[in-house]
Each structure stands twice: as structure tokens, then as C-alpha cells.
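Presented below is the structure to which this report refers.
The values are calculated or read from the model by the stated rules, or taken from the named source; none is laboratory data. In this text the structure is predicted, and so the values were computed from the model without any measurement. Neighbour counts are summed over all protein chains in view; Cβ atoms, including those assigned to glycine, are modelled from backbone coordinates with ideal geometry. Please note that ligands, DNA and RNA were not included when accessible areas were found on the heavy atoms of the full protein model with its side chains. Shrake-Rupley method; radii C 1.70, N 1.55, O 1.52, S 1.80 Å.
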Amino acid sequence: MHSQDRRKWSLVRESDISSDTHEALAEMLARAYPAYAGIFSGRRSWAWARPEARMVGLADDRPVAQLGLLRQFVQRGESGERLLVGEVGTVAVDPGFQGRGIGRELLAQTATELAGLALDFGYLTCSPAVIPFYEGAGWHQLPHSSVSAGDSHTMILPLNASLSAWPRTFQAT
Ligand SMILES: CC(C)(COP(=O)(O)OP(=O)(O)OC[C@H]1O[C@@H](n2cnc3c(N)ncnc32)[C@H](O)[C@@H]1OP(=O)(O)O)[C@@H](O)C(=O)NCCC(=O)NCCS
């Protein structure tokens, strides 16, 4: 049987992840993000903000895909009202498994889970090179005025709201 056929997906709370799994995730992330390999050493399997949960894909009990989820507020520029979104980060597929549709599966599984959390939008920032990867999974790049610092682009995924419900101006808090 091909390892793809045995892949299992689960949304795991950060507090339920074992030290061994953190180590396996860190090792995979160091290979997926060679420029940041120094961050992912030992059991350190997160980069900036620590996620509260992760979507993990296992093949033969080994993590081959993962992303972190963290609920975050963005503030509407118009009213100052805060909007809770599901921020997605550290999206990665093991380099030895890339190009087989696993990343697409990872985003699809995540969208289903985020919608089940009653969140209106998924939210992420990414480099321009991977925008088509997210667009293919239903994410929308925000207009140029919403581009965040540096070369990082903001993308949103409408879940329980329509795209037009996203604020015209906003600030991540
Ligand atoms: C980006 C990443 C998660 C994609 O995973 P993957 O399993 O290789 O992707 P898939 O095979 O499911 O590809 C799905 C679609 O996205 C496209 N795609 C995949 N990687 C892409 C990339 N880096 N840039 C642009 N498009 C990409 C594929 O061509 C495919 O398109 P199609 O549906 O038209 O055939 C993986 O390459 C990775 O881990 N990269 C290193 C870490 C990274 O850059 N993460 C994103 C940070 S924001």
C-alpha cells in the first residue's frame, strides 16, 4: 500500500502533543524551512507565536504535514470592533512528500475544522511565491492596501461569513 493511502489527519491540542512528537515535528519543519532550521531544534516545533492546536498528517505514524492554529483578534478600522479569526501558520509538508496533493489535503482538513469552531474567517500571511497554493484551496489575497510588513501578504478564508464581510481596513492585534 502506498504511504499516501495510510495518511491520518487529526487536529491536536498543543497541550496533548508528546515530547517525541514535538521532536519529530521540529525535525520535519527544519527540513521544510531550511532558512529557519536553527529555530526548529530539539523539541522546539514552533516559530513565533506558539499555536493552540495543530493539524497533523501522519503516514506510518510519522508526521508528514502540519500547520499551527491560533485564534487571534483583528480590529476593524471602521469601528474598532474586534473580530476573532483562526490564524494559520508554519504550514509544511515534509520535502520528501511534497507535490503529491498532501498540502491541498492539509488545507482542506483545516478549513473543515476552522468552520466547525464557528470562526468567520481563516487568516494567514505568506510570501508571494505560495499565494497560488492558498488560492487553489479557496483563500483570497487581500488588496494591496492590506499587505502587511515586508514581502508578506495577507490571505483570508471565508468560513461562516462571506468574503464581503471582511473589514475594508483592519489591524492585527
Ligand atoms: C507549500 C507546501 C505546504 C505545499 O505542499 P505540497 O504538498 O507540495 O502541495 P500540493 O502537492 O498539495 O499542491 C497543491 C497545489 O498547490 C501548488 N503548489 C504547491 N506548492 C506550491 C508553491 N510553493 N508555490 C506555488 N504553488 C504551489 C501545486 O502546484 C498544486 O497546484 P494544482 O492544484 O494546480 O496542481 C510545501 O511545498 C511546503 O511545505 N513548502 C515549504 C514550507 C512553505 O513554504 N510553507 C508555506 C509557508 S506560508
Which whole-angstrom value gives the distance between the alpha carbon centres of segment 102-118 and segment 4-38?
17
Going out from 0 in 10 Å bins, what whole percent of all Cα-Cα distances in the chain drops into each bin?
10, 38, 36, 14, 2, 0
Per residue, in Å², the accessible surface of segment 3-172 once ligands and nucleic acids are set aside, probe 1.4 Å:
51
Charged-residue dipole, Cβ positions (Lys, Arg, Asp, Glu), the chain about Cα centre, Debye nearest 20:
60
Would you mind calculating the relative contact order of segment 58-173 from Cα pairs under 8 angstrom and at least 6 residues apart, reporting the percent as a whole number?
29
Using Cα atoms only, what is the angle between the long axis of helix 19-32 and the major principal axis of the chain, expressed in degrees (0 to 90) to the nearest 10?
70
Karplus-derived HN-Hα couplings along segment 90-97 (A = 6.51, B = -1.76, C = 1.60, θ = phi - 60°), whole Hz, x at Gly and Pro
6, 6, 8, 10, 3, x, x, 10
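Quick check: at a probe of 1.4 Å, how many percent of the accessible area of the chain sits on carbon and sulfur atoms?
Values: 4540 of 9040 Å².
C and S atoms contribute 50 percent here.
Under the rule of -39500 (n - 2.57) per DSSP H run of 4 or more residues, summed and divided by the residues of the chain, what mean residue ellipticity at 222 nm is obtained, to the nearest 500 deg cm²/dmol?
Details: 3 runs with 34 residues, N = 173.
Dividing the helical sum by the residues of the chain leaves -6000 deg cm²/dmol.
Grab the Cα-Cα distance for GLU52 and GLN72, subtract it from 0.36 nm times how many residues apart they are, and report the gain in nm with one decimal.
Working: separation 20, 0.36 × 20 = 7.20 nm, distance 1.06 nm.
Full extension from GLU52 to GLN72 adds 6.1 nm.
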